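**Student:** Here it is: the structure, laid out below.
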Amino acid sequence: RTVFVNGTYLPEDQATVSIFDRGFLMADGVYEVTSVLDGKLVDFDGHTKRLHRSLEELDMQAPCSDADLLEMHRELIRLNGIDQGMIYLQVTRGNPGDRSFLFPDGAVKPTIVAFTQDIPTLADAPAAKTGFKVISVPDIRWGRRDIKTVQLLYPSMAKMMAKKAGVDDSWMVEDGHVTEGTSNNAYIIKGNRIITRQLTNDILHGITRAAVLRFAAEAQFEVEERPFTVDEVKQADEAFATAATIFVMPVVEIDGAQIGAGKPGPVATRLRELYIDEMRKAAI
Ligand code: PLP
């Protein structure tokens, strides 16, 4: 694989970053994951805008222009021959030379790395045919989940809890209400109504979420943005999750209880098709 590090394309085994990088020592960095369909970028504009927001919230400089970012993503797709997959982009505060809790001054350049992952079944995921099973776990993350930081230890632990329970993911719960999945936004469906938590600092502002809610409203579904409980999930007609690399993924079970018919329902299935069709057309 050819990867990108600080302006250079090189084989992955030759790519290096300093051990003093604050991304490594302090999880002081942000990232984006953009999916690739037919060799093109899905919602690149949305991901670029959120990257800027994450950087600003952490008082970090942008590592390059948006035009350079787009060019780099396209070059990685070309060099690695990606048809379906994703591009991971990470920007950390860089290497100040010593370990310190203080942010370094502006002379320290951010570190930017990016790489591709091939996902041949991205649009045609077998999991979408059976749906995800999830368990609920407490959400013990920090209070700025709206910033897409590389601090992913708890979501990673929650994914391991799911694996140990023999299911696909964990939905995290705070104050009796679902916040989100380990790496996706969470939704329930009641009749014609799609319910998902409103955008605050409690959840990541999903790029897929924004597009799916737009398509849902255009398709005459009602959209209600509010927190919901695990009991409401159990009583819902359907449930689903969204993220860049799963698009719209039906969720058919929570804590061992079947949701609706216990298989991907018509609304989640329709939203998945709508999303993939529309984003394929708009990919750049
Ligand atoms: N919520 C969390 C915690 C995530 O990590 C992600 C994506 O990785 C999402 C939601 C979905 O965001 P997006 O649709 O932008 O991929």
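Readers should treat all values here as calculations from the given coordinates under stated rules, not as data from a laboratory. The structure displayed is predicted, hence computed values, not measured ones. Quick reminder, even Gly has a Cβ in these numbers, built from the backbone with ideal geometry, and neighbours come from all protein chains shown.
**Student:** What fraction of the DSSP beta bridges in the chain is antiparallel, stated in percent and rounded to the nearest 5?
**Tutor:** Working: 45 of 57 bridges.
Among the beta bridges of the chain, antiparallel pairing accounts for roughly 80 percent.
**Student:** Continuing with this model, one more query. Placing +1 at every Lys and Arg Cβ and -1 at every Asp and Glu Cβ, with all other atoms neutral, what dipole size does the chain have around its Cα centre, in debye to the nearest 20? Each step should come with its number before you reach the end.
**Tutor:** Values: 32 positive and 41 negative charges, 66 e Å.
Charge dipole of the chain: 320 debye, to the nearest 20.
**Student:** What number, rounded to the nearest 500 deg cm²/dmol, is the helix-based mean residue ellipticity at 222 nm of the chain, given -39500 (n - 2.57) per DSSP H run of at least four residues and division by all its residues? Could you put the intermediate results ahead of the total?
**Tutor:** Values: 8 runs with 85 residues, N = 284.
Per the formula, -9000 deg cm²/dmol.
**Student:** As I understand it, the dipole of region 2-118 uses +1 on the Cβ of Lys and Arg and -1 on the Cβ of Asp and Glu, about the Cα centre. Which of Q61, V42, F103 lies farthest toward its positive end?
**Tutor:** Of the options given, the answer is F103.
**Student:** Over its Cα atoms, what ratio of radius of gyration to 2.2 N^0.38 Å does the chain give?
**Tutor:** Numbers: Rg = 19.2 Å, N = 284, 2.2 N^0.38 = 18.8 Å.
Cα Rg divided by the expected 2.2 N^0.38 Å: 1.02.
**Student:** When only DSSP loop residues count, what chymotrypsin sites (Phe, Trp or Tyr not before Pro) in region 51-147 have their Cβ near at most 14 other Cβ atoms within 10 Å?
**Tutor:** Numbers: sites: Y88, F101, F115, F132, W142; in loops: F101, W142.
Passing both the DSSP loop test and the Cβ count: F101, W142.
**Student:** As an exercise, identify the trypsin sites (Lys or Arg not before Pro) in region 118-187 lying in DSSP coil whose Cβ has no more than 16 other Cβ atoms within 10 Å.
**Tutor:** Details: sites: K129, K133, R141, R144, R145, K148, K159, K163, K164; in loops: R141, R144, R145, K148.
The qualifying sites are R144.
**Student:** Among the listed pairs K163/K234; K49/K129; K109/K163; K129/K159; K40/K129, give every one whose C-alpha distance is greater than 30 Å. Walk me through the numbers before you get to the answer.
**Tutor:** Details: K163/K234 21 Å; K49/K129 32 Å; K109/K163 39 Å; K129/K159 21 Å; K40/K129 24 Å.
Among K163/K234; K49/K129; K109/K163; K129/K159; K40/K129, the Cα-Cα distance tops 30 Å for K49/K129; K109/K163.
**Student:** Roughly how many Å is it from the Cα centre of region 236-261 to that of region 1-78, as a whole number?
**Tutor:** Value for the Cα centre distance between the two parts: 30 Å.
**Student:** Tell me the net charge near A27. Cut-off is 15 Å between Cβ atoms, A27 excluded, with +1 for each Lys or Arg and -1 for each Asp or Glu. Each step should come with its number before you reach the end.
**Tutor:** On the way: positive: R22, R93, R99, R141, R144, R145, K148; negative: D21, D28, E57.
Net charge in that neighbourhood comes out at +4.
**Student:** Right, something else. When the dipole is taken about the Cα centre of region 2-118, and only Lys, Arg (+1) and Asp, Glu (-1) are charged at their Cβ, what size is it in debye, to the nearest 20? Intermediate values should be presented prior to the final figure.
**Tutor:** Details: 10 positive and 19 negative charges, 31 e Å.
It works out to roughly 140 debye.
**Student:** Pull up all non-local amide H partners of F103: gap of 5 or more, or a different chain, and H-to-H distance under 5 Å with H placed in the peptide plane.
**Tutor:** Sorted by chain and number, the residues that satisfy this come to none at all.
**Student:** Pick out, in residue order, every one of the GluC sites (Glu not before Pro) in region 173-245 that is DSSP loop and has at most 16 other C-beta atoms within 10 Å; say none if there are none.
**Tutor:** Working: sites: E174, E180, E218, E222, E224, E225, E232, E238; in loops: none.
Passing sites in region 173-245 do not exist.
**Student:** Oh, and also: Which shape class, rounded, prolate or oblate, goes with region 127-284 when its Cα gyration tensor gives a ≥ b ≥ c as root eigenvalues, a/c under 1.5 marks rounded, and past that a/b bigger than b/c marks prolate?
**Tutor:** In terms of gyration-tensor shape, rounded.
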